[in-house]
1. Given springs between every Cα pair under 10 Å in a Gaussian network model of the chain, which of Val190, Val179, Val42 has the largest fluctuation?
2. What's the magnitude of the charge dipole for the range 16-84 around its Cα centre, counting Lys and Arg as +1 and Asp and Glu as -1 at the beta-carbon? Answer in Debye, nearest 20.
3. Using the Cα gyration tensor of the range 2-92, with a ≥ b ≥ c the square roots of its eigenvalues, what is the shape: rounded (a/c below 1.5), prolate (a/b larger than b/c) or oblate (neither)?
4. Calculate the FRET efficiency for Ala41 and Ser62 from the Cβ-Cβ distance with a Förster distance of 22 Å, rounded to the nearest 0.05.
5. Taking every DSSP beta bridge that has both residues in the chain, what percent is antiparallel when rounded to the nearest 5?
6. Full-extension gain between Asn93 and Thr55, please, as 0.36 nm times their residue separation minus the C-alpha to C-alpha distance.
7. Tell me, what HN-Hα J-couplings in whole Hz come from the Karplus equation 6.51 cos²θ - 1.76 cosθ + 1.60 at θ = phi - 60° for each residue of the range 77-89, using x for Gly and Pro?
8. Of Gly198, Ser62, Asn75, which is farthest along the charge dipole of the chain in the positive direction, counting Lys and Arg as +1 and Asp and Glu as -1 at C-beta?
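No lab work stands behind these numbers, since they all come straight from the coordinates. Everything numeric in this text was worked out from a predicted model, so none of it was measured. Note that each Cβ is placed from the backbone with ideal geometry, even for glycine, and that neighbours are counted across all protein chains shown.
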Amino acid sequence: MKKLLIAGAGGWGRVVRQWALDIQSQAPRWESILFLDDNPAVLEGFGLNDSLVGTIRDYIPSGDEEFICGIGDPNVKMNICEQLRKKGAHFINLFHPQALITNYGEFGAGIIVSPFAAIVVTTKIGDFVTVNAFSVIGHDSTVENGCTLSAHCDIMANVHLEEGVFLGSGARILPNLHVGRNAKVGAGSVVVRNVPAGATVFGNPAQMIS
């Protein structure tokens, strides 16, 4: 039985730990669930200090370990995951048992799908994508590497999110739209037109603010 290493022990990392424990409660999969983080004090006050086994910067993965990333920011997440992958880390997908996952999609590695989220048919999901609770990715959509969907997001049919897109809680992307690389969509926004790479949009309808 292998160990599960969560890269990042902040708030989202601790949520990911809970999702892993939920999986573990149904069928034992890991010998232990541990953290990596470059901040030695990150778990103080949470009763989890013994779970922090090293820094992301210095850790050398071994063959008896599986990895998942507990960081939400797309750029930071991608940087850390690529660092660990180059050192030999094996990233797994963490699909919560209460998520709805299609059998007719294409999935990369290091994906997290939270409880009550849904990924429906003929979707393409890249590496290190995070789908938080109650979010939906509609049919024929593509979500590229590193994207983060916060809770209650709605990605409608045939939407394309390029690499590193961040969606705030409750964001909605209407069908057939394209959101460019590293764009950010603010919480509660409704996107009704394509979003350029690197842009930040907010509102209903979403307007560019930077």
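1. Ranking Val190, Val179, Val42 by mean-square fluctuation puts Val42 first.
2. Charge dipole, the range 16-84, about its Cα centre: 160 debye, nearest 20.
3. Rounded shape, in that the Cα axes give a/c under 1.5.
4. Plugging the Cβ-Cβ distance into 1/(1 + (r/R0)^6) gives 0.30.
5. 5 percent
6. Full-extension gain reported as 11.5 nm.
7. Taking θ as phi minus 60°, the curve returns 4, 5, 4, 5, 5, 5, 4, 5, 4, 5, 8, x, 5 Hz for the range 77-89.
8. It is Gly198, whose Cα lies furthest towards the positive end.
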